[in-house]
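Undergrad: Structure in structure tokens, see below.
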Amino acid sequence: MDKNRKLARTWLINSSRADFEDIIYKSKITPRQQKIIEFRILKNFEITKIANLLNLSEETIQRDIKNSYNLISSALIKYKLI
């Protein structure tokens, strides 16, 4: 995992719910990406479970997570949160 994506993931895991929601909004990820990140971070769901719940392929889930972390990382840097 890329350094910035790892920082974004760690930041999300350790953030308060309010901070989590704020950075999700600021990062401008899509509603689908938001749902995937919530399942992955807040509910700790496995990729397979998320894919089944959303009727998407595991590859799509992994791509959306990667793209989301990139956008979240950029927002964290922009707003000087990391």
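Undergrad: Net charge within 10 Å of residue 73 by Cβ-Cβ distance, Lys/Arg positive one each and Asp/Glu negative one each, not counting residue 73 itself? Can you show the working numbers first?
TA: Numbers: positive: 3, 5, 6, 9, 78; negative: 2.
Counting the neighbours of residue 73, the net charge comes to +4.
Undergrad: Then there's this: Using label points projected 7 Å from each Cα along Cα→Cβ, tell me how many nm separate residue 80 and residue 30, to one decimal.
TA: The answer from the label model is 3.3 nm.
Undergrad: Work out from phi, with θ = phi - 60° and the Karplus expression 6.51 cos²θ - 1.76 cosθ + 1.60, the ³J(HN,Hα) of each residue of region 12-17, listed in order in whole Hz, and give x for Gly and Pro.
TA: So the Karplus estimates, Gly and Pro as x, are 4, 4, 8, 7, 6, 4 Hz.
Undergrad: Let me ask another. Accessible area per residue for the chain in Å², computed with a 1.4 Å probe and the full protein assembly in place, what is it?
TA: On the way: 5310 Å² over 82 residues.
Per-residue accessible area for the chain comes out at 65 Å².
Undergrad: Something else about it: Tell me the net charge near residue 61. Cut-off is 14 Å between Cβ atoms, residue 61 excluded, with +1 for each Lys or Arg and -1 for each Asp or Glu. Kindly include the intermediate steps, with their values, before the conclusion.
TA: Values: positive: 32, 35, 40, 43, 49, 63, 66; negative: 38, 46, 58, 59, 64.
Result for the neighbourhood of residue 61: +2.
Undergrad: Per Stokes-Einstein, at 37 °C and 0.692 mPa s, what whole-number D in µm² s⁻¹ belongs to the chain, with the Kirkwood radius over Cα pairs as the hydrodynamic radius? Each step should come with its number before you reach the end.
TA: On the way: Rh = 12.6 Å.
Approximately 262 µm²/s, per Stokes-Einstein.
Undergrad: If you don't mind, there's one more thing I want to ask. For region 22-32, just list the computed ³J(HN,Hα) in residue order, Karplus coefficients 6.51, -1.76 and 1.60, θ = phi - 60°, integers in Hz, with x standing in for Gly and Pro.
TA: Once θ is set to phi - 60°, the couplings for region 22-32 become 5, 6, 4, 5, 5, 7, 6, 6, 6, x, 5 Hz.
Undergrad: Going by the alpha-carbon gyration tensor, a ≥ b ≥ c the square roots of its eigenvalues, is region 1-45 rounded (a/c under 1.5) or, if a/c is not under 1.5, prolate (a/b greater than b/c) versus oblate? Before the final figure, lay out the partial values.
TA: Details: a/c = 1.22, a/b = 1.20, b/c = 1.02.
Rounded, since a/c falls under 1.5.
Undergrad: If packing is taken as the average number of other Cβ atoms within 10 Å across a peptide's residues, how do 4-15, 38-49 rank, most packed first? Walk me through the numbers on the way to the answer.
TA: Working: 4-15: 16.4, 38-49: 14.5.
Going from most to least packed, we get 4-15, 38-49.
Undergrad: Whole-Hz ³J(HN,Hα) for each residue in region 58-72, computed from phi via Karplus 6.51 cos²θ - 1.76 cosθ + 1.60 with θ = phi - 60°, x for glycine and proline: what do you get?
TA: Couplings: 4, 4, 5, 4, 4, 5, 5, 5, 4, 5, 5, 4, 4, 5, 5 Hz.
The values are calculated or read from the model by the stated rules, or taken from the named source; none is laboratory data. Small disclaimer: the values here were computed from a predicted structure and weren't measured. Ideal geometry is used to build each Cβ from the backbone, glycine not excepted, and the neighbour counts take in all protein chains shown. Each accessible area value is taken on the protein alone, full model and side chains, heavy atoms only, with ligands, DNA and RNA left out. Shrake-Rupley method; radii C 1.70, N 1.55, O 1.52, S 1.80 Å.
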